[in-house]
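A short reminder: the numbers here are calculations on the coordinates, not readings from a lab. It should be emphasised that the depicted structure is a prediction, and the values quoted were computed from it without experimental measurement. A quick note on method: Cβ atoms are made from the backbone with ideal geometry, for glycine too, and the neighbour counts reach across all protein chains shown.
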Amino acid sequence: MSAPGPLDLHGLRAQPSWRAAKSHLATAAMILAVVAIAIPLLAVVWSVVTRGIGVVTDAFPEFFTAEIPVVSRRKGPGMGPAILGTLLVTGGATLIAVPLGVLGAIYLHEYGQTSRFARLVRFMTTVMTGVPSIVMGLFVYLTWTLRFGYSAFGGALALACLMLPVVIGSTEQMLRLVPATLREAAYALGTSKSRTILTVVLPAALPGIVSGSLLAIARAAGETAPLLFAIGAATAYNPNLFAEANTALSVQIFGNATSSFVAAQDRAWGAALTLMLLAFVVTFIARKLTARFALER
Amino acid sequence: MHAAASIAPLDPAPAGPAGTRLHLDERRPAAGLETPVVFDVENAEVSYGSFRAVRGVSMKIHTNQITAFIGPSGCGKTTMLRAFNRMHDVIPGAKVGGKISYHGVDLYGPDVSATEVRRRIGMVFQKPNPFPKSIYDNIAFGPRVNGTTNKADLDMIVERSLRAAALWDEVKDRLRYSALGMSGGQQQRLCIARTIAVEPEVVLMDEPCSALDPIATARIEELMRQLRDRYTIVIVTHNMQQAARVSDRTAFFTADVDASNDQRCGVLVEYDLTAKIFSNPSDERTENYITGRFG
C-alpha cells in the first residue's frame, strides 16, 4: 500500500451541489407545510376570539352563568346551561368511553393479540371511526331516546360511541410502544401478567393514553349532530344527567349561528369562544395531572 | 479478547503470564466445587415455531457457583438461559423440549407456575431495563408484588439490596429520583439489586456487561463474586476473559448445521470446570474457539 498523499483540504469546503439544493428545497417545503397548516388554524382562532371576546366581556361573568334567553332575538347573555350541558354530556361520554376503550385496547394488545376475535374487533373499530357522527346520533335516538326520552345521558352515549374507536386505537398504539424489556423485567421478578399490565405497562403508557383520550374528548365536545337527536333542546339549567332535555355549547352554536337575529349570532360566537376555552382548560388540567406522575430525573 | 489465546490449551500445568491464569489460581479449591445440583438438564431443546434454536443440551448446574455460557453469536446461549426461568413462556411459538429439573422438580411440569419459578430464579438482562419509576420503587417492586407492604420492611429490603449491589453509597440521597437518570453501569447494578431484592435462589445473567465500559464491568464482576456465596449465578457472556475471570464452570456452545433441513442449531459442545476449559479442553472446537481460531 502506497503512502497517502497530502490531505486535500480544499475538498472540505462546501460546494454548491444538487445534494445541498435538495436539502434546502426539502426544508422550504416543510416550512411551507407548517405555514399552510397554521394559517387556517390561526384564522379560526382569530375570528372566534375577535368576534366572541366582546360578547363574553360585555356580560362577564353572566355570560358563563346566566340562562339562555328563551326568545333568541333578544340581546344578552348567557350560556350557563349549555356549559353545564357540555360538561355533563362530554363528562358522561368520557366516563363511558375511556374505561371501556382502555380495557378493550388492553384486551386487544395483551390478550387477544392476533387471534381471530381480536382481529375482528380491531377491524370493526376501524370501520367505526368512519361512521358519520349523525349516524351515531340516529342509532342512539332509535335505541335509547325513543324509549327513555331526551336526556344528557343519551348524548353521552352517542358521543361515547364516537370516542370509543379513537380511544381504543390510540391506547393500543401506546401499549405497543411500551418496550418488551420492561415487561420481561417484571416477569423475571415473578410478577403475574395482570399485575405487570397494571403496575408497569399502563403507567408507562399513561401519558400517551391521556393524550389520545384528550383528543377524543375534545373532538366529542365539539360534536353537534348526534346531540341534536339525543338531548333535545333546553334554555334552562338541567343538572339531571338522566332525565329531561338538555343543551350543549355545540348545539347552541349551531342553533344561534343559523338564526337570522344578530343577537343570536353574537351569542353563537360567544359560545364558540367558551367551547374553545373549555377545551383549553380541560387539556391543561389533564396535562398537569399526568405531569404529577412523572419523576424528576 | 486474547488473554485466553495466550494459554497453551493442551498444557495441563498452569504456566505463563496470562492474567486469566493468575486468576484461576486464586480460585477456591476444586473440592469446593462439588456443591449440590440446582438444575439438571437432560436433552433440552428450544424451538421458535418450526425453527429449532438449540438442541440436545444436558448439563448440571451447581449451587453457589458461577456458571458461564460462552460461544459465538447465534449458538443458543441466551435461548438456553431463558429456558431456566421460563421466559420463553411469554414468546408466542416458543417451545422447550427435553427435561429441565430444578431441585428434582420438572420446571415445565403441568402444575408448576411460571411466576413462582421466576420468583425463585431471577434474571438480569443484556440491556439495563429499570422501570420508569424511582430508584426506590424499582427495588421495592418485586417485594411489593410478593406481598411486602410494610414501609419499614421495604426500606430495609431496599437498603440491603442496594448495598449488596454496591450501589447504596452512590444513590442513598436520591432514592426518590427516576432510575432512568442513572448511568448505564449504575442502571445495571440497580437491575441486579432489583433482582436480589426478591431473594431468588438463582440469578441468571444475560450478557450483563455487554453495554458497559470496563470500569463498570469490573464492578459487576466483583459483585458477582460476592453474590456467589448466597446465590447461584448463570451468566451468558461473549467475553471469554470474563468467563475465565469470574466463573467456576464454563459451558461452550456452538452452532451446528443440521444436515436434514440445512438450519443452524445451537449445541452444547463441552461443559467442565472453567480451569479445565481454558487450559485443557477436550473438544477441538472448544480449543479453536478459546484460542481465537474461530468464532
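Residue A:157: net charge of surrounding residues, Cβ under 15 Å, Lys/Arg +1, Asp/Glu -1, itself excluded?
Values: positive: A:147; negative: A:223.
Its environment carries a net charge of 0.
By DSSP, what percent of the beta bridges with both residues in the protein assembly as shown are antiparallel, rounded to the nearest 5?
On the way: 29 of 47 bridges.
If I count the DSSP bridges inside the protein assembly as shown, around 60 percent turn out antiparallel.
Applying 1/(1 + (r/R0)^6) with R0 = 41 Å to the Cβ-Cβ distance of residue A:219 and residue B:127, what FRET efficiency is obtained, to the nearest 0.05?
It comes to 0.60.
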Q | Choice from A:186, A:225, A:66 with maximal GNM fluctuation in chain A (Cα, 10 Å cutoff) | A | A:186
Q) What is the Å³ per residue value for the convex hull set by the Cα atoms of the protein assembly as shown? A) 265 Å³
Q: Report, as a whole number in µm² per second, the diffusion coefficient that Stokes-Einstein gives for the range A:1-121 at 37 °C and 0.692 mPa s using the Kirkwood radius over alpha carbon pairs.
A: 148 µm²/s
Q) What is the set of long-range amide H partners of residue B:124 at a cut-off below 5 Å, with H atoms built 1.01 Å from backbone N? A) B:204, B:205, B:206
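Would you calculate, for chain B, the mean residue ellipticity at 222 nm contributed by helices, counting each DSSP H stretch of 4 or more residues as -39,500 (n - 2.57) and dividing by all residues, to the nearest 500? Write out the running numbers ahead of the final one.
Details: 11 runs with 98 residues, N = 295.
-9500 deg cm²/dmol, from helical runs alone.
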Q) Amide H neighbours of residue B:97 under 5 Å, counting only residues 5+ apart in sequence or on other chains, H built in-plane at 1.01 Å? A) B:45, B:46, B:47
Q. Quick one: which of B:78-90, A:159-171, B:175-187, B:97-109 comes out on top by average Cβ neighbours within 10 Å, and what's the full order, highest first?
A. A:159-171, B:78-90, B:175-187, B:97-109
(Q) Could you give each residue of the range B:236-243 its phi-based ³J(HN,Hα) in whole Hz, using Karplus coefficients 6.51, -1.76, 1.60 with θ = phi - 60°, and x for Gly or Pro? (A) 9, 9, 8, 9, 5, 4, 5, 4
Q) If you take the square roots of the eigenvalues of the alpha-carbon gyration tensor of chain B and sort them as a ≥ b ≥ c, do you get rounded (a/c under 1.5), prolate (a/b over b/c) or oblate? A) oblate
Q: Sketch the reach of a paramagnetic label on residue B:260 as a point 7 Å from Cα along Cα-to-Cβ, and name the residues of the range B:79-102 whose backbone nitrogen lies under 20 Å away.
A: B:94-99
Q | Cβ-Cβ FRET estimate between residue B:211 and residue A:173, R0 fixed at 35 Å, reported to 0.05 | A | 0.80
Q | Residues in the range A:46-69 reached by a label modelled at residue A:261 [backbone nitrogen below 11 Å; 7 Å Cα→Cβ] | A | A:69
Q) GNM, chain A, Cα, under 10 Å: largest mean-square fluctuation among A:197, A:31, A:217? A) A:31
Q: Would you mind calculating the relative contact order of the range A:84-255 from Cα pairs under 8 angstrom and at least 6 residues apart, reporting the percent as a whole number?
A: 37 percent
Q: Would you grab the residues whose amide H sits under 5 Å from the one on residue B:230? Only those 5+ places off in sequence or on another chain, please, with H modelled 1.01 Å from N.
A: none
(Q) Could you tell me the relative contact order of chain B? Use alpha-carbon pairs under 8 Å, at least six residues apart, and round to a whole percent. (A) 28 percent
Q. Can you work out ³J(HN,Hα) from phi for every residue in the range B:141-146, in order, using Karplus 6.51 cos²θ - 1.76 cosθ + 1.60 and θ = phi - 60°, giving whole Hz and x for Gly and Pro?
A. 4, x, x, 5, 4, 8
Q | Whole-Hz couplings from phi, Karplus 6.51/-1.76/1.60, listed for the range A:15-25; x for Gly and Pro | A | 9, x, 9, 5, 4, 5, 4, 4, 4, 5, 4
Q) Counting Lys +1, Arg +1, Asp -1, Glu -1, what net charge surrounds residue B:85 among other residues with beta carbon under 10 Å of its beta carbon? A) +4
Q: Report Rg/Rh for chain A, rounded to two decimals, where Rg is the Cα radius of gyration and Rh the Kirkwood radius.
A: 1.14
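What is the order of B:174, A:122, A:287, A:176, fewest Cβ neighbours within 10 Å to most? Provide the component values of the computation, followed by the final result.
On the way: B:174 16, A:122 20, A:287 13, A:176 10.
Lowest to highest Cβ neighbour count: A:176, A:287, B:174, A:122.
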**Q.** Gain in span if fully extended, residue A:100 to residue A:27, counting 0.36 nm per residue against the direct Cα distance
**A.** 22.0 nm
Q. Just for the Cα atoms in the range A:84-255, what are the lengths along the principal axes, largest first, rounded to whole Å?
A. 59, 30, 25
Q: Could you tell me how many degrees, from 0 to 90 and to the nearest 10, lie between the Cα long axis of helix A:80-106 and the main elongation axis, the longest principal axis, of the Cα atoms of chain A?
A: 40 degrees
**Q.** Other protein chain Cβ atoms within 10 Å, averaged over every residue that makes up B:166-178
**A.** 1
Q. Which length gain, in nm to one decimal place, applies between residue B:111 and residue B:149 when the Cα-Cα distance is subtracted from 0.36 nm times their residue separation?
A. 10.9 nm
Q) With each pseudo-label sitting 7 Å past Cα toward Cβ, what's the residue A:35-residue B:91 distance in nm, one decimal? A) 5.2 nm
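Filter the cross-link list A:288/B:172; A:193/B:77; B:151/B:172 down to pairs whose alpha-carbon distance in this structure exceeds 19 Å.
Numbers: A:288/B:172 29 Å; A:193/B:77 26 Å; B:151/B:172 16 Å.
Flagged as over cut-off: A:288/B:172; A:193/B:77.
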Q: Mind giving me the FRET efficiency for residue B:172 and residue A:240? R0 is 56 Å, r the Cβ-Cβ distance, nearest 0.05 is fine.
A: 0.50
